[in-house]
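The values are calculated or read from the model by the stated rules, or taken from the named source; none is laboratory data. What you see is a predicted model; the values in this text were computed from it and never measured. No Cβ is skipped: glycine too gets one built from the backbone with ideal geometry, and neighbour counts run over all protein chains shown.
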Amino acid sequence: MLKQFFIICSGSDTDILNDCSIGEQNKYAGIGATVFFTALMAFIASGYALYTVFDNLLTSIFFGLIWGLLIFNLDRYIVSTIKKRDSVIDEIIQASPRFLLAVIIAIVIAKPLELKIFEKEINQVLLEQKNDLTLANKDQIAQQYTPKIETLNNDIKALQKQIDTKETEVNDLYATYIAEAEGREGTLLLGKGPVYKEKREKHDAALAELQQLKADNKEKITTTETQIAQLEIEYETQVTSSQPIIDNFDGLMARVNALSELPWLPSFFIFLLFLAIETSPIFAKLISPKGEYDIKLMDSESELKTWAQQNSYQRNVLLNADNTINDRVYGDISTEEELYAYKKKIARELMQKQQEAFYKKQTGFL
């Protein structure tokens, strides 16, 4: 039962192969088994690749099954259309486009399995890429907010500088009127004289201005700090909302790109393995000698071709004979006077009816 199934997978003519030897049947069963297991590997590979895209098991199995059947049909067609020829050159020319198609199929099958085999290494590369993307994303978002925050911080510094300048002025005035009272500066008279009072009033006025400046600038600084806090919250919100996009940066294309950053030699050997599996039925057909099945198949095709040529030749002969007979029959009839007189009579009656119809039509116009 299994042997018959693999023979069907090989695409051979079962009616002819059943009349061949056991060895010949085993050869084509082996070819069919290669075709079947290649399609099975294609199903597994495509199912995994589609799972990384859809992240749904049933969807991946469904489309993977369709892809596996497609590969099975292509491989079966490739193998079934390669036939033994009398010339090796003809066989190579016949197999060349099929070999190219087999190479393409091998690449398509091998790549998803490479992604699965090197999954841990690919995850490490993706992690590094995600970290780089996270840092780059923060820098890009920060470029939108950093200038505004720096401007606001500079405003706070300017307001604070105004307060510091005023405090320095007030302190200087305080030191001046104290020195006047102690007789160390100014009039050098000990005590609180008119000059002392004047300097004290000037200090008190500057102190009142300082207190008012502190109140006004404190309100402005509080408002500015609120704006800075709001900008920082917006920054963190954008970073948080964009992070899931980076975390999900592990799709099929990202994994293929990550695979390309790994050493190429292991991937190349896996590709060679699937290329050998995919092309083995073709090479088996090419290098194997012409067997019993090939001879019987050629005989069956030759028989059909001869039968078709005979039918075509007979139809041509029948057509030529029929044309010759028709020429003679119509030639003989054309010389008969009775037929001539009959057709002349019919033509005369037809012309009379045409003249009568024309006369009636013209009379109606008048």
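For LEU272, the test of being free of Cβ contacts under 8 Å to residues at least 24 places away in the same chain and farther than 30 Å from ALA102 by Cα is failed. Listed by first and then second residue, the pairs linking a residue in segment 206-231 that is under 30 Å from PRO147 (Cβ atoms) to a residue that is aromatic (Phe, Trp, Tyr), with Cβ atoms under 7 Å apart and 6 or more places separating them unless they lie on different chains, are LEU231/TYR145. GLN230 meets each of the listed conditions (1) modelled with pLDDT of 85 or more; (2) outside the structural domain of LYS157 (by TED's automatic domain parsing) apart from (2).
If you go through segment 228-242 and keep only what is among the polar types (S, T, N, Q) and over 32 Å from the mean Cα position of the chain (by Cα), you end up with just GLN230.
Note on segment 264-366: no enclosed helices (runs of 4 or more DSSP H) hold 3 or more residues that are in contact with a strand residue (DSSP E or B) (Cβ under 8 Å, 6 or more places away or on another chain) and not assigned by TED's automatic domain parsing to the domain that holds ASP13. In segment 241-258, is there at least one residue being outside the structural domain of LYS27 (by TED's automatic domain parsing), loosely packed, with under 14 Cβ neighbours inside 10 Å, more than 22 Å from GLU128 (Cα to Cα) and of a type outside the set (Gly, Ala, Ser)? No, segment 241-258 has no match at all.
Mind checking whether some residue in segment 323-341 is farther than 30 Å from GLU114 by Cα and touching an Asp or Glu at 6+ places or on another chain (Cβ under 7 Å)? There is no residue in segment 323-341 that is farther than 30 Å from GLU114 by Cα and touching an Asp or Glu at 6+ places or on another chain (Cβ under 7 Å).
So that you can scan it fast, the table gives a plain yes or no per residue for (1) over 30 Å from ALA254 (Cβ atoms); (2) part of a helix (DSSP H, G or I); (3) modelled with pLDDT of 90 or more; (4) hydrophobic (A, V, I, L, M, F, W, C):
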position: GLN129; (1), (2), (3), (4): no, yes, no, no
position: LYS138; (1), (2), (3), (4): no, yes, no, no
position: ILE141; (1), (2), (3), (4): no, yes, no, yes
position: GLN144; (1), (2), (3), (4): no, yes, no, no
position: LYS148; (1), (2), (3), (4): yes, yes, no, no
position: ILE163; (1), (2), (3), (4): yes, yes, no, yes
position: THR168; (1), (2), (3), (4): yes, yes, no, no
position: ASN171; (1), (2), (3), (4): yes, yes, no, no
position: THR176; (1), (2), (3), (4): yes, yes, no, no
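The condition of being touching a helix residue (DSSP H, G or I) at 6+ places or on another chain (Cβ under 7 Å), under 17 Å from LYS116 (Cα atoms) and loosely packed, with under 15 Cβ neighbours inside 10 Å holds for only one of PHE43, PHE54, that being PHE54. Among the candidates ALA179, ALA110, ALA142, the residue that is surrounded by 12 or more Cβ atoms within 10 Å (Cβ to Cβ) and within 25 Å of the chain's Cα centre (by Cα) is uniquely ALA110. Residue count for segment 1-54 satisfying the condition of being among the aromatic types (Phe, Trp, Tyr) and in contact with a Pro (Cβ under 8 Å, 6 or more places away or on another chain): 1.
Taking segment 145-172 as the range and being free of Cβ contacts under 8 Å to residues at least 60 places away in the same chain and under 60 Å from the mean Cα position of the chain (by Cα) as the test, the residues that pass are THR146, PRO147, GLU150, THR151, ASN154, LYS157, ALA158, LYS161. Would segment 301-314 turn up any residue that is modelled with pLDDT of 85 or more, among the polar types (S, T, N, Q) and surrounded by 11 or more Cβ atoms within 10 Å (Cβ to Cβ)? The answer is no; no qualifying residue exists. When you check LEU74 against the structure, is it surrounded by 19 or more Cβ atoms within 10 Å (Cβ to Cβ), free of Cβ contacts under 8 Å to residues at least 40 places away in the same chain and under 21 Å from ALA29 (Cα atoms), yes or no? Answer is yes for this residue.
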